[in-house]
Amino acid sequence: METFGQAPKLVASDVDGTLLNSQERVLPRVRDAVVRAVRDGAEVALATGRPHRWIYPVLDQLPIRPVCVTANGAVLYDSANDRVLRSHTLAPETMAEVVELARETFHGIGGVSIGCERVGQSAFDPEEEMFVISPDYLHTWEAQGYGILPEYEVIGEPAVKMLLRNEFLSAPEMYELLAPLIDADVAHLTFSMNEGLLEVAAPGVTKALGVSTLARLHGIDQADVIAFGDMPNDIEMLRWAGRGVAMGNARDSVKDVADHVTATNDEAGVAQVLECWF
């Protein structure tokens, strides 16, 4: 593989479809590369759309407890001390505005149901308080703990992420219809899976915000950051990082903004790049 010059000082990796393989496991080759990077002095961070309460099944496969960027950059979470360091929330009035636009947009094509991730203080806060959904919400993954509330209560408190669900359209189709209607000063819209689920955050809140904040906390320059990802919610992070690496299984829109395309997540693509230095 080609070399990239000086070794990165911060390695930021997406989780699903990137660090994890298709069976949601960290391959031994990937784990070993991460361990060598840390041993050689690099900071390693997970940058994921997952809430911080879902990060430990990943960390349990690694011998590190780093600060993590979760909820697509809305939360900076210290996994070693189970502590939320920073969070950026959507205001209830903003969520109401976006829901109204979504309802009008998807009327007659399945409508929209709502879920909200709230930040809390710990990854071990009661799940039924941290993830709340409207009664008609259809889960896109195997449901874990959640609370069911009337829609006005779901969006009645600040949230780090709001989920818009439509079971008849794909996420790219939903995005194409709704994104042009939402001003960047109102909210940030993205998606991380193909099923009909859009993820809404406060304006300017992306993984790039979380990773750049973490880099500043560590005193690391942008040029010394490498980031890995596979889905549209990784695009801003790959653009911001000194080196942005798309996985071989990434969507074309992600590959288009990357500096380099590595192998797939089932072929230890993250490790194949890190092995250039570590």
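The values are calculated or read from the model by the stated rules, or taken from the named source; none is laboratory data. Quantities reported herein were computed from a predicted structural model and do not represent experimental measurements. Cβ: placed from backbone, ideal geometry, glycine included. Neighbour counts: every protein chain shown.
What the table shows:
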{"item": "Sole exception among (1) touching a helix residue (DSSP H, G or I) at 6+ places or on another chain (Cβ under 8 Å); (2) not in a loop (DSSP other than H, G, I, E, B) for G120, by number", "result": "(2)"}
{"item": "Residue in the range 242-256 that is touching a Lys or Arg at 6+ places or on another chain (Cβ under 8 Å) and touching a residue at least 60 places away in the same chain (Cβ under 8 Å) present", "result": "no"}
{"item": "Every residue from the range 1-38 that is in a helix (DSSP H, G or I), over 15 Å from the mean Cα position of the chain (by Cα) and free of Cβ contacts under 8 Å to residues at least 60 places away in the same chain", "result": "P28, R31, V35, V38"}
{"item": "Checklist (1) polar (S, T, N, Q); (2) surrounded by fewer than 22 Cβ atoms within 10 Å (Cβ to Cβ); (3) at pLDDT 95 or above; (4) outside the structural domain of G17 (by TED's automatic domain parsing) applied to N166, failing item", "result": "(2)"}
{"item": "Search result, residues across the range 173-208 that are in a loop (DSSP other than H, G, I, E, B) and charged (D, E, K, R)", "result": "D183, D185, E195"}
{"item": "Residues located in the range 148-162, provided they are within 23 Å of the chain's Cα centre (by Cα), among the aliphatic types (A, V, I, L, M) and assigned to a loop (DSSP other than H, G, I, E, B)", "result": "I155, V160"}
{"item": "Counted residues, the range 170-208 - those being among the aromatic types (F, W, Y) and buried (at least 22 other Cβ atoms within 10 Å of the Cβ)", "result": "1"}
{"item": "Within the range 231-272, tally of residues that are closer than 18 Å to L27 by Cα and either modelled with pLDDT under 95 or surrounded by fewer than 24 Cβ atoms within 10 Å (Cβ to Cβ) (or both)", "result": "10"}
